[in-house]
Amino acid sequence: MALHIEIRMLDESSADLLLVTLGSSQVVLDTSDVDGLIDRLSKLRSGMRPVTPQKLAIPHQYVIEMDPRWQIVKNPLFDGLVMLLRHSGLGWSCFAMPNHSIGKILEAMTTYAKPAHLYQRKYLMKN
């Protein structure tokens, strides 16, 4: 199914409207429309086959979010934590992290982050 899709800012001086062209049809989306479309597409994509790649695609130009906002919450129905990360284009993404994964993440972060002892004191969780 090869449908020509083009997406661009409607007006380069204003970053709040997108012009989406699908074949010969066009629609203008505001920020709220784009947020809703991203949310709906991500939910639909999560159930599609083939699944998204399990490994990073190298080379690929990933958008890097510098010092993202994050939140960690404990869910009483889940043996682990729920981690939320905010991306400026995608919004908040939520990840249920089982305890065994949390240990691996902590180990990796303390291995690569310096000075590791500062991170361990403030953020290290006890089982």
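Nothing in this text is a laboratory measurement; each read-out follows from the coordinates by a stated rule. This is a predicted model, so every value here is computed, not measured. Don't worry about glycine lacking a Cβ; one is built from the backbone with ideal geometry, like all the others, and counts go over all protein chains shown.
Taking 0.36 nm per intervening residue step and subtracting the Cα-Cα distance, what contour gain separates SER13 from THR52 on full extension?
Working: separation 39, 0.36 × 39 = 14.04 nm, distance 3.48 nm.
Extra length from SER13 to THR52 when fully extended: 10.6 nm.
Using each residue's phi in the range 84-94, evaluate 6.51 cos²θ - 1.76 cosθ + 1.60 at θ = phi - 60° and report the 3J(HN,Hα) Karplus result to the nearest Hz, with x for Gly and Pro.
Per residue, the Karplus-derived 3J(HN,Hα) values read 10, 10, 9, 10, 5, x, 9, x, 7, 10, 10 Hz.
Which distance in nm do the two modelled labels at HIS4 and HIS100 give, with both placed 7 Å along the Cα-to-Cβ direction?
5.1 nm
Quick one: if the Förster radius is 22 Å, what FRET efficiency do TYR62 and ARG40 give, using the C-beta to C-beta distance and rounding to 0.05?
Details: r = 23 Å, r/R0 = 1.03.
Between TYR62 and ARG40 the formula returns 0.45.
For the range 61-109, which chymotrypsin sites (Phe, Trp or Tyr not before Pro) are both in a DSSP coil and crowded by at most 13 other Cβ atoms within 10 Å?
In loop regions of the range 61-109 (DSSP not H, G, I, E or B), the sparsely surrounded chymotrypsin sites (Phe, Trp or Tyr not before Pro) are TYR62, PHE78.
Are there trypsin sites (Lys or Arg not before Pro) in the range 68-114 that DSSP puts in a loop and that have at most 12 other Cβ atoms within 10 Å, and which ones?
Numbers: sites: ARG69, LYS74, ARG86, LYS104; in loops: ARG69.
The qualifying sites are ARG69.
Taking the chain as a Gaussian network, Cα atoms linked when under 10 Å apart, which of VAL20, VAL28, VAL51 shows the biggest mean-square fluctuation?
The residue that fluctuates most here is VAL51.
Return the subset of LYS55/LYS104; LYS43/LYS114; LYS43/LYS104 for which the Cα-Cα distance in this structure is over 25 Å, preserving the input order.
Check vs 25 Å cut-off fails for LYS43/LYS114; LYS43/LYS104.
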